[in-house]
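J.: Shown below is the structure under consideration.
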Amino acid sequence: MEVKFCTSCGDKLESRDIDGTVRKACPSCSFVHWGSYSVGVGALVMKEDKLLLVRRAQEPGKGFWTNPGGYIEQLEPIDATIEREVLEESGIRATVKGVVALRDQPRGIHNVYIAFDMDYVDGEPTPDQTEVDAAGFFSLEEMEAMNVASFTRWLADVAFRRSSEGLLADETPIVPLNGYRLYRV
């Protein structure tokens, strides 16, 4: 969907060259529409050398096994988002350890997907019966016979064969940055 009106003052936007890129800009105020973006998050939760997967019950991806995840909410911290999504979709409580993978997908709505390594806390895989209709922990061997989505196969490889802990939460940054959630090597 094309943006047509200024979200600051409501005036009709015009096309304008800004630093070599044609963008929608407001002729009445300083608003520039820099583009449309979405940020998704996914969980890699391991238990007894098996990865948590859920089977999608609706589009997109209906019938495919994927790792639990979703899109971040506007005012929700990203670690709270992924912990909530895992619980909602699978009944599993897990906590964020770090960031272990990232997908960049430039398109009409530029999509960034951040995969989190998570510690299993408790719970038994129980699908929500809305977004997902099955959930469980699976080995790589078991996944071979399953309808696992391609991107999830790549993430499973990250989960089972990674060579580092990834980016970890910086609980004590050198400067106070209230409202930030920082991750570093």
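J.: Just to be sure before I move on: is ASP119 assigned to a loop (DSSP other than H, G, I, E, B), surrounded by 12 or more Cβ atoms within 10 Å (Cβ to Cβ) and assigned by TED's automatic domain parsing to the domain that holds LYS62 in the structure I sent?
T.: Judged against the criteria, ASP119 is not a match.
J.: Let me ask you something else. If a residue must be out of contact with any Leu (no Cβ under 9 Å at 6 or more places or on another chain), over 15 Å from GLU124 (Cβ atoms) and in contact (Cβ under 8 Å) with a residue 24 or more places away in the chain, how many such residues does the stretch 50-71 contain?
T.: Final tally of qualifying residues: 10.
J.: Got a sec? Which of ALA80, ALA135, ALA149 is assigned by TED's automatic domain parsing to the domain that holds ALA43, under 15 Å from the mean Cα position of the chain (by Cα) and hydrophobic (A, V, I, L, M, F, W, C)?
T.: ALA80
J.: State whether the residues of the stretch 67-86 include one that is assigned to a strand (DSSP E or B) and buried (at least 18 other Cβ atoms within 10 Å of the Cβ). Can you show your working first?
T.: First pass over the stretch 67-86, keeping only residues assigned to a strand (DSSP E or B): 69-71.
In the following step, the residues that additionally are buried (at least 18 other Cβ atoms within 10 Å of the Cβ) were identified as 69.
For the stretch 67-86, residues assigned to a strand (DSSP E or B) and buried (at least 18 other Cβ atoms within 10 Å of the Cβ): present.
J.: On the given criteria, is ILE72 hydrophobic (A, V, I, L, M, F, W, C), more than 22 Å from MET143 (Cα to Cα) and either outside the structural domain of LEU140 (by TED's automatic domain parsing) or touching a helix residue (DSSP H, G or I) at 6+ places or on another chain (Cβ under 7 Å) (or both)?
T.: yes
J.: Something else now. Which of (1) touching a Lys or Arg at 6+ places or on another chain (Cβ under 6 Å); (2) under 26 Å from GLY179 (Cβ atoms); (3) of a type in the set (A, V, I, L, M, F, W, C) is the odd one out, the single condition LEU13 does not satisfy?
T.: (2)
J.: Is it true that some residue in the stretch 24-32 is in contact (Cβ under 8 Å) with a residue 24 or more places away in the chain, more than 27 Å from VAL121 (Cβ to Cβ) and either in a strand (DSSP E or B) or not assigned by TED's automatic domain parsing to the domain that holds VAL158 (or both)?
T.: yes
J.: Pick from the stretch 87-104 the residues that are of a type in the set (D, E, K, R) and not in a strand (DSSP E or B): which of them is surrounded by the fewest Cβ atoms within 10 Å (Cβ to Cβ)?
T.: Here is the first cut: in the stretch 87-104, the ones of a type in the set (D, E, K, R) are 88-89, 93, 97, 103-104.
Then drop every residue that is not not in a strand (DSSP E or B), which leaves 88-89.
Working: GLU88: 14, GLU89: 26.
Result: GLU88.
The values are calculated or read from the model by the stated rules, or taken from the named source; none is laboratory data. These figures come from a predicted structure and were not determined experimentally. We place every Cβ from the backbone using ideal geometry, glycine too, and count neighbours over all the protein chains shown.
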